[in-house]
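Here's the structure we're looking at; comments come further down.
The values are calculated or read from the model by the stated rules, or taken from the named source; none is laboratory data. Since this is a predicted model, take the numbers as computed values, not measurements. Because the Cβ atoms are built from the backbone with ideal geometry, glycine has one as well, and the counts that use them run over all protein chains shown.
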Amino acid sequence: MERLPNELREEILRYLQLQDIKSIRLASTSWAELAQPYLIPPTFLSLPHRDDFGRLLLLSQHPSFACSIEKLELDMGELNEYHARHNTFFVQYMRDPEDRDHESHGAWAEYAELKSRKESLADKYCTLDILEEVFKNLPKLRAIDINLMRCPFRHPLLQQIWQIPTTRLLSRVSTTQRFSNIIYAARHLSLESLTHDCLPFEVWSQRSILENVRATFQGLRTLKVCLDYSVFPNALRSSNSFSGFSSALYAAPNLRTLHIGFANSVRPHLNFTEYMGEYTWRNLHTLGLEGMNIAEDDVASFLTRHAATLKRLQLGVYKTSGYTQRVANMQNIFQFRQGTLRGLLTRIREAMRLEKLNIKGDVMEDTDSLTPYKYGPGLYNDEWIQVPDAVNTAASALAAERFVLEETEWDNAMTRFMTVSMVLTETDTMDNE
């Protein structure tokens, strides 16, 4: 083993588990030195109840470990204790009282301990001074993934109630401040990927963020943001936020993957022409749009001017786990305020050469009918890998993709849309009963 070239030994190290790496470092000095960077995985996960920012600061000051971190995942999910306790009762009310009390006691004891730890570490969590120091010293950090929707708890009951939307707390002020700190400190990085799964939309009306976004966004290849639009006191602030968001998008000219979504049942009127003009990303390959109210002419113009590079398109979102049928239906709807889905897909078919089309959830058109077309979970997952049994679970989405890619007849596709829609509607009714 000692005679193997370093390149081959490094290839071996890439496949070893952490405990195996620790063991092989004991074999010799050369193995100890070679394996040292592999002690730290490339993705660093931070949780608010652990002193992860203190640990990250120490790692950034280590000459070898600082070069190991390539992606930072920040799980910032918070629990709305008032609603969470009510939801605990609702998910357990059919259980034996003794078992219910025992599990509830264990869950809330764990939560109390984690809450105490989190409060004790609040002065270190995502502060600007620590982020600045850390980002200056992580030369290979290229991706930041911010999660508010991912459950930070291990207890099964807490994980179960987390799936109910009212359990999750969106602290708009602290979320905005942390995002502002990250954007400012990230100017030290050559950032290529940024994702946020629940960002208050008013973030984009704040001058402190817009002043620093250009330096952080200029190298981005991937931007995925799901925006919370639910709290807007006036139309002027909404307009300012849309203008600020478009300015942020202008600051990322090299985007290859762009996903824009809205995280609740409030679907804003998105107008690409008004806020983006004729702006075109020269490398845009993958685009996702979800939870919004669109106009066919506006979106068709935006899409077709990216025809030379755009190969993957996702429309809509599909949510089921932990959602009541009413909430899921509101969350899943992708709405046309002008035009039709058929009109949009026809324009795409005529002007573009997509490789994959993924329609999810429900699509509502501005017609006399209040019945949406139902597309279920779609054909592909977030990595654009086809989901198992998609032919049956997303037959209408498959028909839509074939209409665009294979130029099948719309009438045949429409028959399948309506058939699946009727079946799912009947199933929903039976579930509610």
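Results, tabulated for the structure shown:
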| read-out | value |
| --- | --- |
| Answer from T286, T280, T309, T304 - the residue that is β-branched (V, I, T), more than 23 Å from S193 (Cβ to Cβ) and in the same structural domain as R337 (by TED's automatic domain parsing) | T304 |
| Residue within region 211-227 that is surrounded by 19 or more Cβ atoms within 10 Å (Cβ to Cβ), touching a residue at least 60 places away in the same chain (Cβ under 8 Å) and either touching a helix residue (DSSP H, G or I) at 6+ places or on another chain (Cβ under 7 Å) or hydrophobic (A, V, I, L, M, F, W, C) (or both) present | yes |
| Helices (runs of 4 or more DSSP H) contained in region 4-48 and holding at least 2 residues more than 20 Å from P63 (Cα to Cα) and at pLDDT 80 or above | 6-13, 18-24 |
| In region 382-408, residue nearest to the chain's Cα centre (by Cα) [restricted to those that are in a loop (DSSP other than H, G, I, E, B) and at pLDDT 90 or above] | E383 |
| In region 69-82, the residues that are surrounded by 19 or more Cβ atoms within 10 Å (Cβ to Cβ) and not in a strand (DSSP E or B) | I69, M76, G77 |
| Failed item in (1) in a helix (DSSP H, G or I); (2) under 20 Å from the mean Cα position of the chain (by Cα); (3) under 17 Å from L74 (Cβ atoms), with V213 passing the rest | (3) |
| Region 159-177, residues that are part of a helix (DSSP H, G or I) and touching a strand residue (DSSP E or B) at 6+ places or on another chain (Cβ under 8 Å) | W162, T167, R172, T175, T176 |
| Which listed residue, of K136, K115, is at pLDDT 95 or above, over 30 Å from E192 (Cβ atoms) and more than 24 Å from the chain's Cα centre (by Cα) | K115 |
| Some residue of region 338-359 being on the phi < 0 side of the Ramachandran plot and at pLDDT below 85 | no |
| In region 1-58, residue farthest from the chain's Cα centre (by Cα) [restricted to those that are under 27 Å from C126 (Cβ atoms) and of a type in the set (F, W, Y)] | F53 |
| Check on R178, in contact (Cβ under 8 Å) with a residue 24 or more places away in the chain and either among the charged types (D, E, K, R) or touching a helix residue (DSSP H, G or I) at 6+ places or on another chain (Cβ under 9 Å) (or both) | yes |
| Residue within region 137-151 that is out of contact with any Asp or Glu (no Cβ under 7 Å at 6 or more places or on another chain) and of a type in the set (D, E, K, R) present | no |
| Inter-residue pairs, beta-carbon under 6 Å, first within 18 Å of R178 (Cα to Cα) and in region 32-53, second acidic (D, E), 6+ apart | L45/E73; S46/D52; L47/D75 |
| For R150: the one exception among (1) modelled with pLDDT of 95 or more; (2) assigned to a loop (DSSP other than H, G, I, E, B); (3) under 16 Å from the mean Cα position of the chain (by Cα) | (1) |
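Residue by residue, here is whether (1) crowded, with 16+ Cβ neighbours inside 10 Å; (2) not assigned by TED's automatic domain parsing to the domain that holds R221 holds:
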residue: P63; (1), (2): no, yes
residue: H105; (1), (2): no, no
residue: L141; (1), (2): yes, yes
residue: P156; (1), (2): no, no
residue: I164; (1), (2): yes, no
